[in-house]
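Visitor: Just dropping this structure here.
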Amino acid sequence: MSTPTTRKSRAFTIFTHLLAGAGALFLLYMGLFYVLDPVGSAAGFGFTSWPTGDDVGMLVIKGGRDLGLGLILVVLLVTRQTRAAGWVLVAMSFMPFFDATTVIVRDGSVATALWVHALTAVTVLVSGLLIVWNETPRKSLPTAA
């Protein structure tokens with residue numbers, strides 16, 4: 001039998017659920033942006049040049065990845081698997097960190113790497129950890145008789 005979850009407060013729970021929902025909506029938006037306008041979206045990624053011709057397909061793949069991850073978060077939230085959504089966010093924080101590293105290693109914009117990708121990685125990581133912390137099963141305090 002599982003231990004019931006004792007959340008920190010209703011307001012904090014709403015806040016963490018909104019964080020997860022905002023993350024899902026952001027991923028869906030970015031995914032659609034990369035699928036519908038791959039060349040236009042690439043300009044803000046941080047590289048000094050971006051793929052052209054057939055290579056643009058890689059940007060559409062990135063858009064598909066973002067759409068899929070956004071849908072995973074939506075499904076977890078709709079089915080009230082909030083703790084799992086938190087862990088997914090923690091795992092997903094690796095991706096924007098990797099994006100930042102890639103932009104820097106490929107002589108892209110360090111400012112974009114740090115202010116867009118690294119900041120996104122930290123935000124996603126902290127959001128996920130807050131959700132997990134809030135949803136962690138705890139023993140309820142005994143009530144006075």
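Visitor: At 25 °C and a viscosity of 0.890 mPa s, what translational diffusion coefficient does Stokes-Einstein give for the stretch 8-91, taking Rh as the Kirkwood radius over Cα pairs? Give it in µm²/s as a whole number. Intermediate results must be reported in sequence, preceding the final value.
Guide: On the way: Rh = 13.9 Å.
In µm²/s, the coefficient rounds to 176.
Visitor: Now, a different point. Report relative contact order for the chain in percent, whole number only (criteria: Cα-Cα under 8 Å, sequence separation at least 6). Working shown, then result.
Guide: Working: 184 pairs, mean separation 50.8, N = 145.
Reported as a whole number, the value is 35 percent.
Visitor: Compute the FRET efficiency between LEU114 and ALA43 as 1/(1 + (r/R0)^6), taking r as their Cβ-Cβ distance and R0 = 22 Å, and round to the nearest 0.05. Please list the in-between numbers first.
Guide: Numbers: r = 18 Å, r/R0 = 0.80.
That gives a FRET efficiency of 0.80.
Visitor: Dipole magnitude of the chain about its Cα centre, charges +1 at Lys/Arg Cβ and -1 at Asp/Glu Cβ only, in debye to the nearest 20?
Guide: 960 debye
Visitor: Now a separate question. If the elastic network links every pair of Cα atoms under 10 Å, which of ILE104, ILE14, ILE72 fluctuates the most in the Gaussian network model of the chain?
Guide: Judging by the Gaussian network model, the answer is ILE14.
Visitor: In whole Hz and in residue order, list the ³J(HN,Hα) couplings for the stretch 49-61 that follow from phi through the Karplus curve 6.51 cos²θ - 1.76 cosθ + 1.60, θ = phi - 60°; x for Gly and Pro.
Guide: 9, 9, x, 10, x, 5, 5, 4, x, 5, 6, 5, 4
Visitor: Please work out the Kirkwood hydrodynamic radius for the chain, using every pair of different C-alpha atoms, and report it in angstroms with one decimal place. Write out the running numbers ahead of the final one.
Guide: Numbers: mean 1/r = 0.0601 Å⁻¹.
Taking every pair of different Cα atoms in the chain, averaging 1/r and inverting gives 16.6 Å.
Visitor: Helix-derived [θ] at 222 nm for the chain: sum -39500 (n - 2.57) over DSSP H runs of at least 4, divide by residue count, nearest 500? Provide the component values of the computation, followed by the final result.
Guide: Values: 6 runs with 94 residues, N = 145.
Calculated at 222 nm, the ellipticity per residue is -21500 deg cm²/dmol.
Only the coordinates and a few stated rules stand behind these numbers; no lab work does. Everything numeric here is computed off the predicted structure, so don't read it as measured data. Don't worry about glycine lacking a Cβ; one is built from the backbone with ideal geometry, like all the others, and counts go over all protein chains shown.
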